[in-house]
Amino acid sequence: MRDVTQIVAQLREELAAELRERVRRRLGEQSTEWLVDQLMALVLPSGEVSYAIPRQVPRGPEAGEGAYAPRVPIGEDVPGPVRVQDDPHAEAGRADARTCDDWVAGVGDEGGRAARIRRLGLDPASLPGYTARYRALRREVLEAEGYLLDAPPRGGALISPAHRSPKAEALLREAGDVLHGLLFGGEGVRLDPVDRGSITLAVPRAKAHAMAALVGVPGAGHVPGDGGPFRVEYGEVAGGLVGGALAAALCLVNDLMINERSLCGRAEDGGGAPGR
């Protein structure tokens, strides 16, 4: 017998088309200036402007000690945003890896992604906690504990919000923030790369946009043909902690949204293979 969350999820799916049409009609009645202001507030919040604009720095020895310049090429190498190591005298707020319940109850959307990443406290001390927790949340656990609600079988369609509980939505958002923070840095990310690592994923074209949007990948609209490579390069710290956390977060994202039998991950020079 279905529970109330599954009934609500089904109703939301059934009403989605009508809702989209009514919203589209209502927005069409608004002024162009108002629509532009709303879009700007959504895609470029004033509090994130300085972080959202990428800075280009040279790669290699001429970049200087401590430069953190990961790339996320899709199909071919395309430089992504750059992160330079924080001032060592900056406020050193550290946070252990939060549980999903903490994340749901305490963080919310206030301050946007930059603020959420700051609160994650990504550093060598916290990464093992995220890695261990994400690895423990396998697909069967997510189903048994009510994160996933009658989700399509593995290898099928993307798992839509209708098949995720509120705590699953929060967990997916957290995993996306962890991926973004590890790849692009941000205030509160304190990692000193000693090596380069990369992970290559085979994400079907029909699903690549979802992964790119979740993580915040530049050039997400230029994904090659079905099953094309999705190559992620990152700065690795001692002990392979970044690669391990990336692998675990990618596996969790796959189980909560992408829904492939395996992401066909291949790690090079550092980290661990994320396929699951």
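Below is a table of values for the structure above.
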{"quantity": "Placed amide H near Arg231: partners under 5 Å, 5+ positions off or other chain", "calculated": "Gly75, Leu201"}
{"quantity": "Estimated FRET transfer efficiency (Asp195, Gln38; beta-carbon r; R0 35 Å; 0.05)", "calculated": "0.20"}
{"quantity": "Karplus 3J(HN,Hα) series, Hz, for the stretch 246-257 with 6.51 cos²θ - 1.76 cosθ + 1.60 (x for Gly, Pro)", "calculated": "4, 4, 5, 5, 5, 4, 5, 4, 4, 6, 8, 8"}
{"quantity": "Förster radius 51 Å - calculated FRET efficiency between Ala132 and Ala16, Cβ distance, rounded to 0.05", "calculated": "0.90"}
{"quantity": "Amide H contacts under 5 Å for Arg196, placed H, 5+ residues apart", "calculated": "Glu236"}
{"quantity": "Gain on full stretching of the segment that runs from Arg25 to His209 - 0.36 nm per residue minus C-alpha separation", "calculated": "63.6 nm"}
{"quantity": "Protection proxy ranking of 8-19, 170-181, 143-154 - average other beta-carbon atoms within 10 Å, highest first", "calculated": "170-181, 143-154, 8-19"}
{"quantity": "Burial ranking of peptide ranges 158-165, 29-36 (average Cβ count within 10 Å, highest at the top)", "calculated": "158-165, 29-36"}
{"quantity": "Integer Hz, Karplus 6.51/-1.76/1.60 couplings in order for the stretch 167-172, x for Gly and Pro", "calculated": "6, 6, 4, 5, 5, 5"}
{"quantity": "Whole-Hz ³J(HN,Hα) from phi, Karplus 6.51 cos²θ - 1.76 cosθ + 1.60, for the stretch 119-128, glycine and proline x", "calculated": "6, 5, x, 6, 7, x, 6, 8, 4, x"}
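Values in this text are rule-based calculations from the coordinates and carry no lab data. Computed from a predicted structure; not experimentally measured. Positions of Cβ are backbone-derived with ideal geometry, glycine not excepted, and every protein chain shown enters the neighbour counts.
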